[in-house]
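Single-structure report; data block below.
The values are calculated or read from the model by the stated rules, or taken from the named source; none is laboratory data. Being a predicted model, the structure only gives us computed values, none of them experimental. Cβ sites come from the backbone with ideal geometry, for glycine too, and all protein chains shown count toward neighbours.
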Amino acid sequence: MKFLNYLLIAAAMIPAIGQAQSTVPKAASFSSMDANKDQIVSKDEAQKAGMPDATFKKIDKDGNNQITNAEASAYRAQNKSIDAIDSDKDKKISKAEATKLGMTEQEFKILDKDNNGFITQSEWETGDWIIW
Ligand SMILES: [Ca+2]
Ligand SMILES: [Ca+2]
Ligand SMILES: [Ca+2]
């Protein structure tokens with residue numbers, strides 16, 4: 001019975017693995033990436049969050065292998081539309097859409113300031129998320 005359960009779990013995971021390899025955007029908040037809370041996201045910290053090297057280089061404008069809050073903000077200003085993550089195009093991010101990005105329930109709550117179960121464009125812009 002245990003083995004059967006294992007098979008079922010393995011079968012259920014196959015679509016998830018397929019999705020991870022596609023171009024579904026990923027996101028992480030600056031504060032969650034900054035594990036040691038020094039207000040800087042180091043290359044190590046970014047790698048642990050799963051950020052690709054190319055994205056890190058793009059954000060790290062001065063090339064010192066550290067992302068400051070200012071560098072993150074500048075990057076966000078260029079990539080601030082929720083269109084990339086709003087898969088059903090209703091101009092807001094549902095919990096399901098957020099979960100696909102790897103956002104936790106707690107992180108969703110922080111961004112969903114009016115607590116209506118959706119993150120709007122204006123709520124998104126005030127958050128500290130980086131999408132890649
Ligand atoms: Ca840090
Ligand atoms: Ca830098
Ligand atoms: Ca949506």
Filtering the stretch 73-86 down to residues that are surrounded by 13 or more Cβ atoms within 10 Å (Cβ to Cβ) and either under 13 Å from the mean Cα position of the chain (by Cα) or within 13 Å of ligand 3 (Cβ to nearest atom) (or both) yields Arg76, Asn79, Lys80, Ile82, Ala84, Ile85, Asp86
For the stretch 87-113 the number of residues that are surrounded by fewer than 18 Cβ atoms within 10 Å (Cβ to Cβ), charged (D, E, K, R) and within 14 Å of the chain's Cα centre (by Cα) is 3
With criteria (1) touching a Gly at 6+ places or on another chain (Cβ under 9 Å); (2) at pLDDT 85 or above, Lys100 comes up short on (1)
| Could we say that Asp62 is away from ligand 3 (no atom under 16 Å from the Cβ), surrounded by fewer than 19 Cβ atoms within 10 Å (Cβ to Cβ) and assigned to a loop (DSSP other than H, G, I, E, B) here? | yes
task: Assess whether Lys61 counts as being more than 8 Å from ligand 2 (Cβ to nearest atom) and more than 19 Å from Thr126 (Cβ to Cβ).
output: no
Restricting the stretch 71-97 to residues that are in a helix (DSSP H, G or I) and at pLDDT 85 or above, the one farthest from ligand 1 (Cβ to nearest atom) turns out to be Ala96
Flagged in the stretch 98-130 as among the acidic types (Asp, Glu) and either in contact with a Ser or Thr (Cβ under 6 Å, 6 or more places away or on another chain) or not in a loop (DSSP other than H, G, I, E, B) (or both), in numbering order, are Glu105, Glu107, Glu123, Glu125, Asp128
